[in-house]
Amino acid sequence: MSGKTIVMTSGKGGVGKTTATANVGTALALRSNRVVVIDTDIGLRNLDVVMGLENRIVYDLVDVVEGRCRLEQALIRDKHAGDLYLIAAAQTRDKDCITTQQLVGLCKRLEDDFDYVIVDCPAGIEQGFRNAIAAAREALVVTTPEVSAIRDADRVIGLLQAADIREIRLIINRINPAMVRQGNMMDASDVLEMLAVDAIGLVPADDRVITSTNNGTPVVYDSQSPSGREFVRVAARIDGEHLTLIDPVDETPTSIMDKVRNIMGINRKASAHV
Amino acid sequence: MFDFLRKNRNRGHGNPRQVARERVQSAIRRDRIEVSSPQLTALRDSMLFTIREHLPAAPEFAEFGIQRDGDELFLISRVRLHQQGH
């Protein structure tokens, strides 16, 4: 098996990168892929809690690269999806305690056993970022339709291009259709025009993400969640399916009858979904 | 109906979406043009070399750098030329 390493990055923190990593990783595994997600945010790990695996960590990323355990011992199997594994970040170590070469070596080893190696990159553009992108052939840049997040995403895209990562795609997270319609928020086309990269996902703002994170169950398991459905589609696109992008502004019901249909689970646009 | 009224209200005070678009575009434009000091030095040397192939220029720029004017950035360079016969 020769898998593919994909880095999830954003520049700015708090845009939903870790949530996106957990959900895309889970959705890829639910499509019968062997997937490993790696948390490289050393000192501030969170991917484990988003996936509900925080109580299963014995060994972490630093233990593996420093040879204190075998790779297999640091792979934490997911509770729900069969072939999904997590390598957690160390919580107590310095963020610069692993080198680029160590992480590249680890990803190469994992590519032999997994279809997808998904690296959750720390916020910022320092050594942790440089480590995380070094092994990747593809990058998914997560942003929100906000001034600071877009600006940082643009900076990160420039750095990814400078690092010779050619396949860069955008996940625009937390699009609020009501705010877009009212002219209070930029829409997906505004963001795409400014960043000049292709989108792979347009994810609506969704309270169910908070509930799912509280429960430690990725939102892709919630078929009623609009963001969960979009993360499922993102995974399908990564996996090579050609699915049309669905703008949440067009998808969200506006009339009372649309809202009733939505509550009853009768979605007129269901045929466009995965 | 309410959306329509809100949109019209926003139009009067500067549409927040439009304001955000312009602010990001301006910030991105500035970020993209940001050049490091070594890059600027290399550019200066290269420009001077090219100019001196065509004109009798002094060996140093009288002025060279990036200047901001409002939202716009300009590369400013002034080269002293030797007058013929001097």
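The values are calculated or read from the model by the stated rules, or taken from the named source; none is laboratory data. All figures in this text were calculated on a predicted structure; none of them were measured in a lab. A quick note on method: Cβ atoms are made from the backbone with ideal geometry, for glycine too, and the neighbour counts reach across all protein chains shown.
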Self-check item: Filtered residues of the range A:55-81 (kept if in a helix (DSSP H, G or I) and surrounded by fewer than 17 Cβ atoms within 10 Å (Cβ to Cβ))
Solution: A:Asn55, A:Arg56, A:Leu71, A:Glu72, A:Gln73
Self-check item: Pairs, first farther than 19 Å from A:Thr19 by Cβ in the range A:184-210, second among the acidic types (Asp, Glu), C-beta under 9 Å, six or more apart
Solution: A:Met185/A:Glu146; A:Met186/A:Glu146; A:Asp187/A:Asp247; A:Ser189/A:Asp247; A:Leu192/A:Asp198; A:Met194/A:Asp154; A:Leu195/A:Asp154; A:Ala196/A:Asp154
Self-check item: Scan of the range A:84-104 for residues that are at pLDDT 95 or above and more than 18 Å from A:Gly67 (Cβ to Cβ), ordered by number
Solution: A:Leu84, A:Tyr85, A:Leu86
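For every residue, the table says whether it meets (1) out of contact with any strand residue (DSSP E or B) (no Cβ under 8 Å at 6 or more places or on another chain); (2) within 21 Å of A:Ala135 (Cβ to Cβ); (3) at the interface with chain B (Cβ under 7 Å from one of its Cβ atoms).
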site	(1), (2), (3)
A:Asp154	yes, no, yes
A:Leu159	yes, yes, no
A:Ile165	no, yes, no
A:Asn176	no, no, no
A:Met179	yes, no, no
A:Gln182	yes, no, yes
A:Asp187	no, no, no
A:Leu192	no, no, no
Self-check item: Which numbered condition A:Ile171 fails, given (1) without any contact (Cβ under 8 Å) to a residue 12 or more places away in the chain; (2) away from chain B (no Cβ under 14 Å)
Solution: (1)
Quiz prompt | Residue that is nearest to A:Met194 (Cα to Cα), among those in the range B:35-75 that are surrounded by 12 or more Cβ atoms within 10 Å (Cβ to Cβ) and within 10 Å of the chain's Cα centre (by Cα) | solution = B:Asp71
Quiz item: Scanning for something at pLDDT below 90 and in contact with a Ser or Thr (Cβ under 9 Å, 6 or more places away or on another chain), does the range A:232-254 turn up at least one residue?
Solution: no
Quiz item: Mind checking which residues of the range B:5-37 are modelled with pLDDT of 55 or more, more than 21 Å from A:Val191 (Cβ to Cβ) and hydrophobic (A, V, I, L, M, F, W, C)?
Solution: B:Val35
Quiz item: Which one of the conditions (1) under 26 Å from A:Asn173 (Cα atoms); (2) at pLDDT below 95 does A:Ala20 fail to meet, given that it meets all the rest?
Solution: (2)
Quiz prompt | Flag for A:Val141 being within 17 Å of the chain's Cα centre (by Cα), aliphatic (A, V, I, L, M) and either under 22 Å from A:Cys121 (Cα atoms) or at pLDDT below 95 (or both) | solution = yes
